[in-house]
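First comes the structure, then the notes that go with it.
The values are calculated or read from the model by the stated rules, or taken from the named source; none is laboratory data. Please read these numbers as outputs of a predicted model, since none were measured by experiment. Cβ atoms come from the backbone with ideal geometry, glycine included; neighbour counts cover every protein chain shown.
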Amino acid sequence: MSGPRSDDLEQTTTSPFPRLAVGDRDAMFGCFRVLRPDGAVIAPDPDLENGTGVPDSDALAMLKSMVRQRAIDERMLGLQRQGRIGFYGAATGQEAGTIAAGHALQLRDWVHPALREGGIALHRGYPLATYLAQIFGSAADTSTKGRQMPCHYGSKALNFVTLSSVMATQMPQAVGTAYAMALRHAAPDRPLCLGAIGDGATSEGDFHVALTFAGVMRPRGLGLPLLLYVQNNQWAISTPVEKQTAAQTLAAKAEGYGLVGVRVDGNDALAVLRVMRAAAEHVRAGGVPVLVEALTYRVGAHSTSDDPSRYRDEAVTRAWASLDPIDRLARYLVGRKVLAEDGAALLRARYDEEVRDALAAAEAVPPVALRTLVEDVYAQVPAGLERQLADVG
Ligand SMILES: Cc1ncc(C[n+]2csc(CCOP(=O)(O)OP(=O)(O)O)c2C)c(N)n1
Ligand SMILES: [Mg+2]
């Protein structure tokens with residue numbers, strides 16, 4: 001495990017489908033990127049809007065959701081430490097990889113998330129009150145009725161499918177959803193499905209099953225409208241990515257299954273958006289599914305049940321934290337005069353207030369009713385269970 005190297009920061013390519021990096025394993029930035037960490041555009045393209053191909057309205061919308069997500073995540077970590085919630089998995093440092101991937105989608109598209117993609121649901125309009133209710137498992141938890149761990153959001157209206165805790169199970173499910181879209185809709189403008197996964201879960205059998213099916217299922221002779229999205233934050237709890245694979249990159253795995261693989265700087269929202277939009281257009285039209293690896297770093301703990309200082313060098317973490325995706329995008333927008341110097345701080349203050357108010361309301365909602373334990377399971381609740389419910393009042 002090594003930190004980011006300054007000479008690598010200059011590496012770039014202007015193609016949204018770059019050749020995969022085949023250099024040494026330390027060439028961590030052998031991937032598509034648009035912005036330098038200071039927010040400057042690496043290679044402005046005169047043929048593209050703003051030289052980046054990203055309209056200011058898109059960049060600003062992403063920044064807002066990224067700042068909001070960090071405000072929510074930091075508050076949730078604090079709540080867990082106070083014993084007010086049981087568990088939380090934050091996306092701190094991965095906000096670009098999460099929000100920009102979501103921003104590239106349309107509302108008719110489907111999402112099968114992993115642990116850190118709740119921000120995509122929020123970005124699609126999932127109410128903060130419902131998000132908090134799911135975390136509390138309160139009576140207002142319309143997603144999962146208090147039956148799931150926190151961070152297992154779901155919304156039928158938003159085509160956002162509840163995560164199963166068992167790692168990688170969402171990937172074959174995502175292939176199935178994409179297959180359904182291919183059967184129901186005609187190219188070149190089909191709804192697509194995004195299946196998200198972490199680096200560690202790429203070692204699970206389900207990931208490989210999903211890639212096999214993603215390649216060989218070709219209804220009507222076309223590829224599935226499927227984007228497989230790996231947020232490579234370089235850790236799976238205490239296991240580093242080097243222990244998950246001997247491949248040069250995770251994107252490289254795509255080739256062996258007949259898919260397209262792309263590696264992108266996951267801390268660069270503009271780069272992620274560009275790659276995901278290009279990939280989305282490609283798969284809507286019937287091209288082979290695309291596996292996108294977003295290279296980032298888990299700057300925080302795996303979850304509230306983890307202490308990373310016990311197994312990794314936090315100097316590396318600090319180096320990655322200095323490549324903060326929010327700072328990078330905010331500096332770019334300040335440079336474009338779309339955002340004031342203190343714009344990101346003002347947004348943060350606004351979202352802190354929103355979270356505080358939403359939290360006060362969410363904590364006032366009672367827990368999910370005990371009777372819901374047997375609902376949705378039996379047409380006729382067995383007498384023994386009715387007696388038990390009566391016993392506990
Ligand atoms: C099949 C299975 N094994 C183990 C776990 C416990 N577990 C939960 S998350 C996780 C690590 C996930 O790492 P990664 O896929 O890199 O995602 P990240 O948490 O880094 O976003 C593990 C081992 C699980 N949920 N399911
Ligand atoms: Mg990981």
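Quick one: is Arg184 surrounded by fewer than 24 Cβ atoms within 10 Å (Cβ to Cβ), more than 30 Å from Ala129 (Cβ to Cβ), in contact (Cβ under 8 Å) with a residue 40 or more places away in the chain and of a type in the set (D, E, K, R)?
Details: surrounded by fewer than 24 Cβ atoms within 10 Å (Cβ to Cβ): yes; more than 30 Å from Ala129 (Cβ to Cβ): yes; in contact (Cβ under 8 Å) with a residue 40 or more places away in the chain: no; of a type in the set (D, E, K, R): yes.
No: the conditions fail for Arg184.
Can you confirm whether the stretch 130-150 contains a residue that is within 14 Å of ligand 1 (Cβ to nearest atom), on the phi > 0 side of the Ramachandran plot and of a type in the set (A, V, I, L, M, F, W, C)?
The answer is no, given that none of the residues of the stretch 130-150 is within 14 Å of ligand 1 (Cβ to nearest atom), on the phi > 0 side of the Ramachandran plot and of a type in the set (A, V, I, L, M, F, W, C).
Condition first: buried (at least 19 other Cβ atoms within 10 Å of the Cβ) and under 20 Å from Ser57 (Cβ atoms). Now tell me which residues in the stretch 317-335 satisfy that.
Pro325, Ile326, Arg328, Leu329, Ala330, Arg331, Tyr332, Leu333, listed by residue number.
Can you find, within the stretch 188-201, the residue that is farthest from ligand 1 (Cβ to nearest atom) among those that are buried (at least 16 other Cβ atoms within 10 Å of the Cβ) and either over 13 Å from Asn159 (Cβ atoms) or modelled with pLDDT under 95 (or both)?
Across the stretch 188-201, the extreme among qualifying residues is Arg190.
Those residues that are within 15 Å of ligand 1 (Cβ to nearest atom) and of a type in the set (Val, Ile, Thr), I need them from the stretch 202-218; list them, please.
Passing the criteria: Thr202, Val209.
What about Asp391, is it at pLDDT below 95 and over 21 Å from the mean Cα position of the chain (by Cα)?
Yes.
Conditions: (1) surrounded by fewer than 24 Cβ atoms within 10 Å (Cβ to Cβ); (2) within 16 Å of ligand 1 (Cβ to nearest atom); (3) modelled with pLDDT of 95 or more. Thr98 meets all but one. Number of the miss?
(1)
If you check Met149, Met167, Met171, Met181, which single one turns out to be within 18 Å of the chain's Cα centre (by Cα) and not in a loop (DSSP other than H, G, I, E, B)? Step through it out loud before you land on a result.
Working: Met149 fails: not in a loop (DSSP other than H, G, I, E, B); Met167 fails: not in a loop (DSSP other than H, G, I, E, B); Met181 fails: within 18 Å of the chain's Cα centre (by Cα).
On inspection, the qualifying residue turns out to be Met171.
Limited to the stretch 357-388, what total is found for residues that are under 30 Å from the mean Cα position of the chain (by Cα) and in a helix (DSSP H, G or I)?
Of the residues in that region, 7 qualify.
Would you pick out the residues in the stretch 116-142 that are assigned to a loop (DSSP other than H, G, I, E, B) and surrounded by 23 or more Cβ atoms within 10 Å (Cβ to Cβ)?
Narrowing the stretch 116-142 to residues assigned to a loop (DSSP other than H, G, I, E, B): 116-117, 124-127, 137, 139-142.
Answer for the stretch 116-142, where residues must be assigned to a loop (DSSP other than H, G, I, E, B) and surrounded by 23 or more Cβ atoms within 10 Å (Cβ to Cβ): Arg116, Glu117, Asp141.
Can you tell me how many residues in the stretch 34-88 are of a type in the set (A, V, I, L, M, F, W, C), crowded, with 23+ Cβ neighbours inside 10 Å and either assigned to a helix (DSSP H, G or I) or within 17 Å of the chain's Cα centre (by Cα) (or both)?
Residues meeting the conditions: 7.
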